[in-house]
Amino acid sequence: MSDREKNERNHKVVVPIGPQHPSLKEPGSFKITLDGEKVERAVVEIGYNHRGIEKACESRNYIQALYIIERVCGICSHAHTSCFCQTFEDLAGLEVPRRAHYIRGIVGELERLHSHLLWLGVASHEIGFDTLFMYTWRDRELVLDLLARIGGNRVNYGVNTYGGVRRDLEPELMEDVLHVCDLLEEKLKYYADLAMTESTLIARLKGIGVLLPEDVKKYSAVGPVARAAGIMDDIRVTEPYGVFREIAVNPVTDDHCDVYGRTLVRVKEMLEAIRLIRIMVKEIPDGPISVRPPRKLPVGEALSRVEAPRGEDIHYIRSTGADAPDRVRVRAPSEANWHGMSHMLEGFQLADVPIIIAAIDPCYSCTDRAIHLIGDGVNQLTDWAQIRALSIEQYKARGIDPGSIKIREF
Amino acid sequence: MKNKQERPGGLAGLAIKNLFRNPATQVHQFGEDGIQKGYRGKLLYDSTTCINCVMCMRDCPTGAITIKNLGTKEEKQMHAYLNLGRCVFCCQCVDTCPKKCLSCSSDVLLANFNRESLEIEL
Amino acid sequence: MLLAIFHVLVFPGLLFLGAYSFLLEFVDRKVYARMQSRKGPPWYQPLADMLKLIGKKVIVPRNAHKFFFAALPTVSLAAVCAAFLCIPIWGGTAITAYSGDLIAVLYLLTIPTLCHFLAGYSSHEVYSTIGAFRTLTQMFAYEVPLFMAFLSPAILAGSWSISGISAFYAAHPLYTLINIPAFLISLLTSQSKLERMPFDAPEAETEIVGGALVEYSGRYLAYFRATAITELTAIASVLAALYLPFSTGTPWLDFVLYLGKTFGIVLIMVLLRATMARIRIDQTLKFFWSILTPLAMAQMILNLLLRGGLGL
């Protein structure tokens, strides 16, 4: 008996959410087995958006690879380049100027603001609260305009380079940063208040997508998901880097363990980010903003961690002494959070599925990997000619002969 | 965190206030384009100072820029070509250029209907 | 005879219904947008959307029931139009006023919901089936408090016709104050009937991709959209006639008053839509059965007692 027949006999429906679905902003597939409105089983399938970023970095020199790394994620581009630069600087033994650390810190916290505001908007759209969605995205524009002025682009700011930053922060720009912080703080306090009093919001978020502390450890979840369960895993606190060696970050945790807790953590983190930006702008030292990086790295390998808005971001570089990396590995934060997803989904209702998926702030293309199975003769790599031969065979079985069709060589 | 009274419709006050404020969105076609100062847009090229070192070509992540000397070694006739379809506007070439003959403008309205006209000479 | 046909077809009948529905939809969308600090659509947008939909190709799913699939949109639109003709708009009495037309209107306004359910169920698609069942579940939740809330003023007035109730409250305007709880209940239940936020679980776009109508396209979808916007007008008119029946005696002044009342009701509905998150279907059921139904019942009993006590 096939799965389908079994499901029909038990009155169960399999609802496909994705790869194309209004609640998913990037392709990913979730097969939800429903018992009435209740999710009985959830199968997460990712991998629709694999871009081969790591391989692309390995076939370019370090300067070129930096701009590929910047495009790993469309939201946390600064976190990824910070991490990659940090790894490079570790390997090369570069001493980054203090002013550069501060500028990196300011841009990083601004990015956290815009990422969390974006998340708040997406999450409220998933639960049908479009007004809050419009408000948060309107306020996010303030941050984006500021980032465009600092770096020269709204999303891929291109602030980082090896050994420092590419653009300096002018005094009048810093005043504008403070001004935007003042504007945003007032609004964020309002949203924090709203999140704690709006009863329809609380009814939709509380007790949904529970991931208890022991499950967080079991599935190794990171970022706001872990912090909402009371586990402090903020790299800025546990293993400070850059500017956070000088400025202490107040840890933000919550004990709700659910989507509501994740919302509160993110809102509080935004307020914390504003506090950090104010301190950094006040205490920024004078001096150079970069040192000259080498074109080639010495033989060796390095790994470093940075707290991206979604959690811990890990980058790894192995160098053989050439001007291009031998191996690059990017562990984007969403990748760590996927493992607990089906556990979070099961037992809740179909209506909760979009918000539970959105609650980890998933970044599909940051995460997607190609898998090459080795051993047991299960080599799934097929070359172009093999694929063509197989497809011709399949068409012939259906009574169509495509052999005469000429296909362009790639 | 102190527990506050839960109630629905907490956004109503702000929503009604917004009715009488100007909208945050603007019609782009006739409005300001919102491009900030220092935005990274189309490149500008000064052929007189270029020394044909092709450092920019080596550092370009996408291979969008091409520098060609159409004259001889003594009498240089430098030309720069940019493929706008490939350029990611990172402006690494501007940073790399030792003679600062490349710079970025704030020109961002570069879309075109056919692929060929995306390849432009700077 | 000719005048009667004119009344039914043009004013205050179907043509007026269409034009006014477009206007109310525009108000709905524009105010919603301005509350979200957006610009909002231009005034002709609802009409343009409708014309565009009518011009689009119709795709009927292979395993859908062809006749039902095509007939349901028309039936639901016709039901709303028929209901609208029983509501007084010009000069105190409706075009087709008869004893008991309130009940008829309430039943006619149930037909679009049932059509939604049947449309979703006959599309044979997983999202539309879930949407159809949610539509039906929600209907069982709101129908009881809706009927009770709409019938409470009728009990107090001692008349089962909307025109009669209007006339009664126009004569005794202070009695409308008694019906304020019923008015609030019927606002919420109407919001649920129209599948608007916060009770739009049956068509939740981010969960089930639009629910029951996911397979509909072209002019059939246009008819369903027309049903939705005319239903908004019809319900706003019923609410205005039942709960805000102040009148001056002159028909055109009454008509202006009617426009003002329906505008006000739509504005309140927009505010409800803008300031709340969509609540889950089980929470909807709980809300209607454990809060609104007892309240509506209390209102009904109060009105029965008052009717006896006041000696009307």
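The values are calculated or read from the model by the stated rules, or taken from the named source; none is laboratory data. Keep in mind the model is a prediction, meaning the values are calculated, not measured. All Cβ positions, glycine included, derive from the backbone under ideal geometry; neighbour counts span all protein chains shown.
Within segment C:125-163, the residues that satisfy the criterion of being surrounded by 20 or more Cβ atoms within 10 Å (Cβ to Cβ), under 11 Å from C:Ala212 (Cα atoms) and in contact (Cβ under 8 Å) with a residue 24 or more places away in the chain are C:Tyr127, C:Ser128, C:Ile130, C:Gly131, C:Ala132, C:Arg134, C:Thr135.
The residue that is modelled with the lowest pLDDT, among those in segment B:24-51 that are in contact with an Asp or Glu (Cβ under 8 Å, 6 or more places away or on another chain) and either more than 8 Å from chain A (Cβ to nearest Cβ) or in a strand (DSSP E or B) (or both), is B:Gln26. The set of residues in segment B:56-93 being surrounded by fewer than 18 Cβ atoms within 10 Å (Cβ to Cβ) and within 15 Å of A:Gln64 (Cα to Cα) consists of B:Met57, B:Arg58, B:Thr62, B:Gly63, B:Arg86. Among the residues of segment B:90-107, is there at least one that is modelled with pLDDT under 80 and out of contact with any helix residue (DSSP H, G or I) (no Cβ under 6 Å at 6 or more places or on another chain)? Yes: segment B:90-107 contains one or more residues that are modelled with pLDDT under 80 and out of contact with any helix residue (DSSP H, G or I) (no Cβ under 6 Å at 6 or more places or on another chain). Any chance you could count how many residues in segment A:317-326 are of a type in the set (Ser, Thr, Tyr) and either more than 26 Å from B:Asp95 (Cβ to Cβ) or not in a strand (DSSP E or B) (or both)? Adding up the residues that qualify gives 1. Is there a residue being within 30 Å of A:Phe133 (Cα to Cα) and within 14 Å of chain A (Cβ to nearest Cβ) anywhere in segment C:290-303? Checking segment C:290-303: at least one residue is within 30 Å of A:Phe133 (Cα to Cα) and within 14 Å of chain A (Cβ to nearest Cβ). C:Met269 meets each of the listed conditions (1) out of contact with any Leu (no Cβ under 6 Å at 6 or more places or on another chain); (2) without any contact (Cβ under 8 Å) to a residue 40 or more places away in the chain apart from (2). Counting only helices (runs of 4 or more DSSP H) that fall entirely inside segment A:203-313 and contain at least 1 residues that are surrounded by fewer than 18 Cβ atoms within 10 Å (Cβ to Cβ), the qualifying elements are A:213-219, A:235-238, A:259-283. Taking the criterion of being out of contact with any helix residue (DSSP H, G or I) (no Cβ under 9 Å at 6 or more places or on another chain) and within 14 Å of B:Lys42 (Cβ to Cβ), the residues of segment B:112-122 that qualify are B:Ser117, B:Leu118, B:Glu119, B:Ile120, B:Glu121, B:Leu122. Whenever a residue of segment C:70-86 is touching a residue at least 40 places away in the same chain (Cβ under 8 Å) and more than 15 Å from C:Gly218 (Cα to Cα), its partners that are assigned to a helix (DSSP H, G or I) and aromatic (Phe, Trp, Tyr), lying with C-beta atoms within less than 6 angstrom and at least six residues away or across chains, give the pairs C:Leu77/C:Tyr223. Of all the listed residues (A:Leu144, A:Leu212, A:Leu183), the sole one being more than 24 Å from A:Val281 (Cα to Cα), without any contact (Cβ under 8 Å) to a residue 60 or more places away in the chain, away from chain C (no Cβ under 14 Å) and among the hydrophobic types (A, V, I, L, M, F, W, C) is A:Leu212. A single entry from C:Pro88, C:Pro61 fulfils the requirement of being in contact with an Asp or Glu (Cβ under 8 Å, 6 or more places away or on another chain), away from chain A (no Cβ under 14 Å) and in a loop (DSSP other than H, G, I, E, B): C:Pro61.
One residue is enough: does segment A:58-71 have a residue meeting the conditions away from chain B (no Cβ under 14 Å), modelled with pLDDT under 90 and under 22 Å from A:Tyr241 (Cβ atoms)? Among the residues of segment A:58-71, not one is away from chain B (no Cβ under 14 Å), modelled with pLDDT under 90 and under 22 Å from A:Tyr241 (Cβ atoms), which makes the answer no. Scan segment B:63-109 for residues that are on the phi > 0 side of the Ramachandran plot and among the aliphatic types (A, V, I, L, M) and report the count. Qualifying residue count for the region: 0.
When segment C:31-54 is examined, which residues are found to be in a helix (DSSP H, G or I), charged (D, E, K, R) and within 14 Å of chain A (Cβ to nearest Cβ)? The one that is in a helix (DSSP H, G or I), charged (D, E, K, R) and within 14 Å of chain A (Cβ to nearest Cβ): C:Arg34.
When segment A:147-172 is limited to residues that are of a type in the set (A, V, I, L, M, F, W, C) and within 9 Å of chain B (Cβ to nearest Cβ), the one that is surrounded by the most Cβ atoms within 10 Å (Cβ to Cβ) turns out to be A:Ile150. In segment A:107-135, the qualifying residues are those that are surrounded by fewer than 22 Cβ atoms within 10 Å (Cβ to Cβ) and either in contact (Cβ under 8 Å) with a residue 40 or more places away in the chain or more than 14 Å from chain C (Cβ to nearest Cβ) (or both), and the one that is farthest from the chain's Cα centre (by Cα) is A:Val122.
The helices (runs of 4 or more DSSP H) found wholly in segment A:1-118 and carrying at least 3 residues that are among the aliphatic types (A, V, I, L, M) and over 21 Å from A:Pro362 (Cβ atoms) occupy A:62-70.
In the set (1) modelled with pLDDT of 85 or more; (2) crowded, with 21+ Cβ neighbours inside 10 Å, A:Glu186 fails one condition alone, (2).
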